[in-house]
Amino acid sequence: MAIPLVPDASADTPIARAAQAAMIARAGGEPWPRPRSCRILTIANQKGGVGKTTTAVNLAASLAMHGSRVLVVDLDPQGNASTALDVEHRSGVSSIYNVLVDGVPLADIVRKVEGYSQLHCAPATIDLAGAEIELVPLVARESRLARAVTEYDSSSFDYIFIDCPPSLGLLTVNALVAAPEVLIPIQCEYYALEGLEQLLRTVDLVKSHLNPTLMVSTILLTMFDSRTKLASQVAEEVRSHFGELVLDSVIPRSVRVSEAPSYGQSVMTYDPGSSGALAYLEAAREMAFKDAAASPA
Ligand SMILES: Nc1ncnc2c1ncn2[C@@H]1O[C@H](COP(=O)(O)OP(=O)(O)OP(=O)(O)O)[C@@H](O)[C@H]1O
Ligand SMILES: [Mg+2]
């Protein structure tokens, strides 16, 4: 049997994990370039379960571990990002709901994430489920998050990630109005591209009526299963359609990624040597360096 010189980085075996852990250790926590001004990215896809929250949490953790100051805004009543970052979000706790509906300043609800010096979270509680309806009669209902973000001192952050619910309702529209950039995670599965047109139409509508600087800046392929031909076909199709917007790093399907949230952790701390952690680290690094190349200091 031939023994490969370089262990397969996508395999979740003890040897591969050890090799990956060594690679991470070698890279250390050395700082990556930080954007000149705060980058605000809305993570959207109205399709459920494509990896929006996982992407928000793990990109945020990776960037925070490499010198950036990062805020995750949980805009989903499910509160999955708050759970994964272990930030209290039982009903009644001050949350993004109060920011949107009551006009409470964002600064009042932002919490520090334990275990990181530079990672913060604006939690979501189940109360947010009512916001889609409660927002309807309110003044400037589509731009309430944008206003809160503008009033907040975003110069204290390098990145703000807004994690959207799986719908194109008022919550997602608020997120699209609040950010110049949209990051779309696409799951490498058969129906992946269905519904994408509707999302892109919504982005265009918001751009023409409410937020002229809005653009889709980043696409990330998630839950890639290297054993299936279909996953490669979907990845190829996405790349031929979106070209440069698609990050080179592809997130593999990895059981460690799905286990991490139940321990109130990102996979970056839960199992830093796993294939999923390494892929998110690479994706975050690409984002940091791509931006630095686009706008040299
Ligand atoms: N790379 C991966 N490998 C294995 N499981 C994953 C991976 N990424 C995400 N998952 C799991 O898939 C499920 C859906 O992921 P996630 O919650 O990030 O998607 P979502 O788009 O935020 O979902 P929703 O639309 O409900 O908000 C979760 O159980 C998550 O742990
Ligand atoms: Mg989610």
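The table that follows gives values for the structure above.
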| read-out | value |
| --- | --- |
| Charge dipole magnitude, Cβ of K and R +1, D and E -1 - the range 51-186, Cα centre, debye nearest 20 | 120 debye |
| Between helix 275-294 and the chain: long-axis angle, C-alpha atoms, 0 to 90°, nearest 10 | 60 degrees |
| Cα-based convex hull volume of the range 118-204 per residue, rounded to whole Å³ | 131 Å³ |
| For the chain: span of alpha carbons on each principal axis (Å, largest first) | 69, 41, 38 |
| Cβ-Cβ FRET estimate between L205 and V104, R0 fixed at 41 Å, reported to 0.05 | 0.90 |
| Nearest 10 degrees, 0 to 90: helix 229-242 Cα axis against the chain principal axis | 50 degrees |
| Under-24-angstrom lysine pairs by C-alpha in the chain, whenever the two are 8 or more apart or on separate chains | 7 |
| Residues of the range 36-294: accessible area per residue with a 1.4 Å probe, Å² | 42 Å² |
| Share, in percent, of DSSP beta bridges within the chain that are antiparallel, nearest 5 | 5 percent |
| Dipole magnitude of the range 113-252 about its Cα centre (Cβ charges: Lys, Arg +1; Asp, Glu -1), debye to nearest 20 | 200 debye |
| Exposure rank, largest accessible area first [E114, E189; 1.4 Å] | E114, E189 |
| Cα lying deepest toward the dipole's positive end in the chain, options L278, A148, C188, charges on Cβ | L278 |
| Debye, to nearest 20: dipole size of the chain, +1 on Lys, Arg Cβ, -1 on Asp, Glu Cβ | 380 debye |
| Highest average packing first - 212-218, 265-271, 254-260, 143-149, Cβ atoms within 10 Å | 265-271, 143-149, 254-260, 212-218 |
| Sulfur and carbon atoms: percent of accessible area, the chain [1.4 Å] | 56 percent |
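The values are calculated or read from the model by the stated rules, or taken from the named source; none is laboratory data. For clarity, every value in this text was computed on a predicted model and none was experimentally measured. With ideal geometry, Cβ positions are generated from the backbone for all residues, glycine too; neighbour counts draw on all protein chains shown. In case anyone asks, the SASA skips ligands and DNA or RNA and just uses the protein heavy atoms, side chains included. Shrake-Rupley method; radii C 1.70, N 1.55, O 1.52, S 1.80 Å.
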